[in-house]
Structures are given as C-alpha cells and as structure tokens.
Amino acid sequence: MEKIPQQAAYSGKRIVLYGPESTGKSTLSRKLAQHYNTVLIEEFAREYLQDKFNHTGEVCSYDDILPIAIGQRNLENKAVNKAQDYLFCDTDVLETYVYCMAYFNQAPQELINAVEESSYELYLLLQVDVPWTPDDLRDRPERREEMFELFLAALNKFNKPYKIVDGLDSQRFENAIKAIENESK
C-alpha cells in the first residue's frame, strides 16, 4: 500500500484550520485563502467519506484512515508550487489522528510518524461557539466540547504551535487574521 508522503518543501507559511466538525473550518479557510490571495487545500476526507457513504451507506472505518491521510498530504504537496506567502490547509494529518483516536482508540504508527514529522507555522483551533450544522457525516453534536478538548490535547502532545479562534461570522474571520498576523511578527 502507498505510504503517507513527506511534506513537500515550501518557503511560505503553512496554516492549518483545525478542530471539531461544524466549527466553520472550510468556510474560514476559503475566506483566508482569498484574503491572502493564495491557495487553499480542501479537506480530502469530506469528499472521500461522502463518496463512500453515497455508494455504500457506510461511514468511516479504521481502514479508511491511511488513505485519508495519504490523500490529504498529496493535495497539500501538489499545492505548494501554486501558493504565495501562505498555504491554508482545511485539515491535516493531525486532525485525522484525533478522529482516529476518538473513534477507534488507536492510530496507525505511520500516521503518528507523519504527525510528528509534519511542520506547520500555525494551527488555528476553532472554538465550538458556532451553531451545529448537520450533514450525512457529522455525528457528535452533543460532544463538541469533548472533541475540542481532544483536539487541544493533541496539539499539546505533539508540541504544535496554535491559537484558539472564536467569534461568529466576521468576528471569527478578524480573530483568525489577528492570530496569523501576530504569529508572523
């Protein structure tokens, strides 16, 4: 089976939008990429798992974890040549690790290695202060605070740089820009 590729070299700043489901990561990552006139790496797992659900009615299994991590890293590596000063990632292998631990209470060593070897300038951990939006794949509206704590614990476990971003609508966007700009100084 294919392995999780190492990160491709990139001279700019890699920023990850990170956190529990339905916290606005995709929306905010699009706005930030547009604001900074650069590339956005979409969430590979969303399309992969939606396609699986549509064809089989099944949700994520442990066997999906490495293909998701590989797909996410491949998208990121393809985008580094197109990005300007910033590269915005709507998730990464650490997010995959958190969900893997939350759902399966274990993670493949290859995924753990990829998390340890990954380098991002900043993780924007999104607070669970926005309304829940249901869809085919989201399943833990009552456990959002618990999931937030798991995401925070993983950042600390792997010693990743982060800022917590909260606020609704334009305030969330402004808070994200402040976090990025403060990190760049």
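FYI, it's all coordinate maths here, none of it is from the lab. Note that the coordinates shown come from a computational prediction; the quantities given were computed from them, not determined experimentally. Here Cβ is always computed from backbone atoms with ideal geometry, including for glycine, and neighbour counts include all displayed protein chains.
Just a few scattered comments:
- Calculated FRET efficiency, residue 50 to residue 181, Cβ-Cβ distance, R0 = 30 Å: about 0.30 to the nearest 0.05.
- Model label points for residue 169 and residue 26, set 7 angstrom from Cα along the Cα-to-Cβ axis, are 2.1 nm apart.
- Label zone of residue 116 (point 7 Å out along Cα→Cβ, amide N under 19 Å): in region 56-94 this covers 66, 69-70, 93-94.
- 24 Å Cα cut-off, lysine pairs counted over region 13-184 (separation 8 or more, or different chains): 24
- Summarising the label geometry, the points placed 7 Å from Cα in the beta-carbon direction at residue 78 and residue 133 lie 2.4 nm from one another.
- Sorting 60, 89, 100 by the number of Cβ atoms found within 10 Å of their own Cβ, with the fewest placed first, yields 60, 100, 89.
- Working value for region 38-80: equivalent-ellipsoid semi-axes of 22, 11, 6 Å, each the square root of 5 times a Cα gyration tensor eigenvalue, largest first.
- Relative exposure of 26, 118, judged by other C-beta atoms within 10 Å (fewest first): 26, 118
- Short-range pairs are left out: with C-alpha atoms under 8 Å and at least six residues apart, the relative contact order of region 34-153 is 29 percent.
- Going from the fewest other Cβ atoms within 10 Å to the most, the residues 147, 101 appear in the order 101, 147.
- Rough spin-label spacing in nm, given labels placed 7 Å along Cα→Cβ, for residue 2 and residue 103: 1.9 nm
- When shorter helices are ignored and each DSSP H run of at least 4 residues is given -39500 (n - 2.57), the per-residue value for the chain at 222 nm works out to -15500 deg cm²/dmol.
- Local electrostatic count at residue 8 - Lys and Arg +1, Asp and Glu -1, tallied over other residues with Cβ under 15 Å: +3
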